[in-house]
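The values are calculated or read from the model by the stated rules, or taken from the named source; none is laboratory data. Predicted, not measured: the structure shown is a model, and the values here were computed from it. Using ideal geometry, Cβ is built from the backbone for each residue, glycine included, and neighbour counts are taken over all protein chains shown.
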Amino acid sequence: MAKVLMFHRVLPEKQIIYPNAYSTFGTLISQEYFEIILSCLTDNGYQFVNVSELTKRKKNEKLVALTFDDGYSDNFDFALPILLKYNATATFFPVVNPCKDNTVLPLDIYYQCIDEMNLSETERTEYISGTAKHNFYWTVPDKQINVLNSLFKALPQNNRVSYMSVEQLIELSDKGFEIGSHGMTHSLLIAEYMNKEKVLNELQNSKQYLEEITGKPVISYCFPAGRYNAEMIELAKQVGYTSTCLVLRNINENEVLPSYERIFVQPNSLDELKSALGIE
């Protein structure tokens, strides 16, 4: 049965500065570890496919789809060379606005503020995965900057991360990698601040924009933070997506579209990953 792996950021180990909220949360791995993963998959006979290809392949084939959420520029700089080295394809799910506007998400500023503070481990945990993070994350993106100003004394003048440019997304597409959508703003589609019109804006506008720049159909959608319900999948289907990516599937759910649970690949967790893949 096909496996779908979820990645976010990739940097050479020497460029990862600690403390690092992305590493703590699990959304940043080293380039060296990423190569170990691809070597392991190759040695164990996995074929690399894009997400949209999964429905076209036989269920007994040994397939793996690599997915990258958000659209960070380090994907292009440091994941792409390893993918090319192993002749491995992948599906990238960029958030459109930061790529289009050369900006970052409020979450990136939030993480940077945390790492620049002198915090105990307990305090860091609260900020990164506790109530403070939850309250911030579930605030409408347009208002998240207000939350940042209330939480931190000063916001950084320079961002330590960046997102792929339009030109880089086009180059990935031209090289045969799949470009899917992760929405316009990384809004959580089932949050209280969303309504049907806003959900359709995230689904339709991102699809249209990415299709315009790549000249190819965008038919895979990845739910931000994996948050979804059956209505959201139905709307994705109506808009023209043919598959969606989740984190965990909701219990007792009828499948409206092919929707894939993913293995969250966290730093230096090869044994856990092998176990999830059934590799001894």
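Based on what the data block shows, is residue 52 more than 30 Å from residue 205 (Cβ to Cβ), at pLDDT 95 or above and part of a helix (DSSP H, G or I)?
Criteria not met by residue 52.
Test residue 78 against the stated conditions and say whether it is more than 22 Å from residue 13 (Cα to Cα), at pLDDT 95 or above and in contact with a strand residue (DSSP E or B) (Cβ under 7 Å, 6 or more places away or on another chain).
no
What's the total number of residues in segment 101-120 that are crowded, with 18+ Cβ neighbours inside 10 Å and outside any loop (DSSP other than H, G, I, E, B)?
Qualifying residue count, segment 101-120: 10.
Can you spot a residue in segment 148-159 that is hydroxyl-bearing (Ser, Thr, Tyr) and closer than 17 Å to residue 97 by Cβ?
No, segment 148-159 has no match at all.
Give segment 146-167 a look and list any residue that's among the hydrophobic types (A, V, I, L, M, F, W, C) and either in contact with a Leu (Cβ under 8 Å, 6 or more places away or on another chain) or not in a helix (DSSP H, G or I) (or both), or say none.
Once the filter is applied, which keeps residues that are among the hydrophobic types (A, V, I, L, M, F, W, C) and either in contact with a Leu (Cβ under 8 Å, 6 or more places away or on another chain) or not in a helix (DSSP H, G or I) (or both), segment 146-167 yields 148, 152, 154, 155, 161, 164.
What residue, of 240, 226, is among the small types (Gly, Ala, Ser), without any contact (Cβ under 8 Å) to a residue 40 or more places away in the chain and closer than 30 Å to residue 21 by Cα?
The match here is 226.
Among the residues of segment 70-85, is any touching a Lys or Arg at 6+ places or on another chain (Cβ under 9 Å), in a strand (DSSP E or B), in the same structural domain as residue 266 (by TED's automatic domain parsing) and on the phi < 0 side of the Ramachandran plot?
The answer is yes, given that some residue of segment 70-85 is touching a Lys or Arg at 6+ places or on another chain (Cβ under 9 Å), in a strand (DSSP E or B), in the same structural domain as residue 266 (by TED's automatic domain parsing) and on the phi < 0 side of the Ramachandran plot.
Across segment 16-28, what is the total count of residues that are over 13 Å from the mean Cα position of the chain (by Cα), under 17 Å from residue 69 (Cβ atoms) and aliphatic (A, V, I, L, M)?
Counting residues in segment 16-28 that are over 13 Å from the mean Cα position of the chain (by Cα), under 17 Å from residue 69 (Cβ atoms) and aliphatic (A, V, I, L, M) gives 1.
Could you count how many residues in segment 1-41 are aliphatic (A, V, I, L, M) and more than 18 Å from residue 163 (Cα to Cα)?
Number of matching residues: 9.
Could you check residue 65 against (1) among the small types (Gly, Ala, Ser); (2) buried (at least 20 other Cβ atoms within 10 Å of the Cβ); (3) part of a helix (DSSP H, G or I) and say which number it fails?
Here residue 65 clears every test but (3).
Looking only at helices (runs of 4 or more DSSP H) that fall completely inside segment 204-280, which ones have 1 or more residues that are under 22 Å from residue 188 (Cα atoms)?
Hits in segment 204-280: 206-214, 230-239.
Answer yes if at least one residue in segment 123-142 is closer than 30 Å to residue 173 by Cβ and over 18 Å from the mean Cα position of the chain (by Cα), and no otherwise.
Yes, some residue in segment 123-142 is closer than 30 Å to residue 173 by Cβ and over 18 Å from the mean Cα position of the chain (by Cα).
Suppose we filter segment 76-106 for residues that are among the polar types (S, T, N, Q) and farther than 18 Å from residue 263 by Cβ; how many remain?
Selection size over segment 76-106: 4.
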